[in-house]
Amino acid sequence: MIKFFLGIALIGSLATAALGYLVANQRNGLRREYDKAAAQLKSVTEQAEESKVVAAESQKKLEEMRAKMAEASEKLAQAESQAGSGDSRVEESEKRAKEAELRAQQEKAEIDELGSKLESEKAANEAATAKVESLLKEKQALEDNLAKLTGELGRIREVAPSASRAVSMRSGIRGKVVSVNRNWNFVVLNLGEKDGLVENGLLNVYRSGQPVGKVKIVSTEANTAVADVEAGSSQGGLQPGDDVLN
């Protein structure tokens, strides 16, 4: 009878270990997707801002081209008026007519050139506007994906065993908090396995040299880690830029 209960206890322990392993793998995979989506979102946001600047510059150039065309058209009208005016002296009239005709040709060439530039700037402006719209759509898609990943990470953290015993890590570990998720009460650090972090390890958090809380490592990558905010941390919560060390 005792052997029977021992066997049941052993099977239960193996099942719990297998569940913990599967949950940890799923959590780490979601963490990588989260970081990748966050990096893509940052890149798309920067591109959108650059495209907005290009669009604004193109619009400014369009306005300048329109002003130059208006000025050139006015000069052309003046030149044509001078060419058509009569003069009592035939030679002076012919000279003025030729000069007016030459100026008219020059102004017409300038108008044609300005028109060509105007069309080019208009096309560039339309392309920049289309790129901004495309990047904004891509940004929204990435934000939706980030929200989905954040929710999934939170769900995994709820399913994962929460009573894991804290473990010790080597001394001298120092880093920063790079982002904070207040909905699920966890942070992302700029430290990882290469820096000596291990799951369930505890780190102290400081701001301007003053202690503001503690975090426990729940998953690690080579250069980043996710950590739960421990109870008793500052009322205002942890912030990006806070120092972490052990």
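The values are calculated or read from the model by the stated rules, or taken from the named source; none is laboratory data. As the structure is a computational prediction, the values presented were derived from the model and not from experiment. Cβ atoms come from the backbone with ideal geometry, glycine included; neighbour counts cover every protein chain shown.
Worth pointing out:
- Among residues of the range 154-179 that are surrounded by 10 or more Cβ atoms within 10 Å (Cβ to Cβ) and assigned to a helix (DSSP H, G or I), those with a Cβ under 9 angstrom from a residue that is of a type in the set (F, W, Y) and modelled with pLDDT of 90 or more, sequence gap 6+ or separate chain, pair up as G154/W184; G154/F186; R157/W184; R157/F186.
- Selection count, the range 118-143, where residues are surrounded by fewer than 16 Cβ atoms within 10 Å (Cβ to Cβ) and touching a residue at least 40 places away in the same chain (Cβ under 8 Å): 3
- When the range 48-92 is limited to residues that are at pLDDT below 80, hydrophobic (A, V, I, L, M, F, W, C) and exposed (fewer than 14 other Cβ atoms within 10 Å of the Cβ), the one that is farthest from E121 (Cα to Cα) turns out to be V90.
- Residues being over 30 Å from A227 (Cα atoms), modelled with pLDDT under 75 and not basic (K, R) - total across the range 1-47: 9
Rundown of residues vs (1) within 30 Å of A67 (Cα to Cα); (2) in a helix (DSSP H, G or I); (3) modelled with pLDDT of 85 or more; (4) over 34 Å from the mean Cα position of the chain (by Cα), yes/no style:
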{"position": "K137", "(1), (2), (3), (4)": "no, yes, yes, no"}
{"position": "A141", "(1), (2), (3), (4)": "no, yes, no, no"}
{"position": "D144", "(1), (2), (3), (4)": "no, yes, no, no"}
{"position": "E199", "(1), (2), (3), (4)": "no, no, yes, no"}
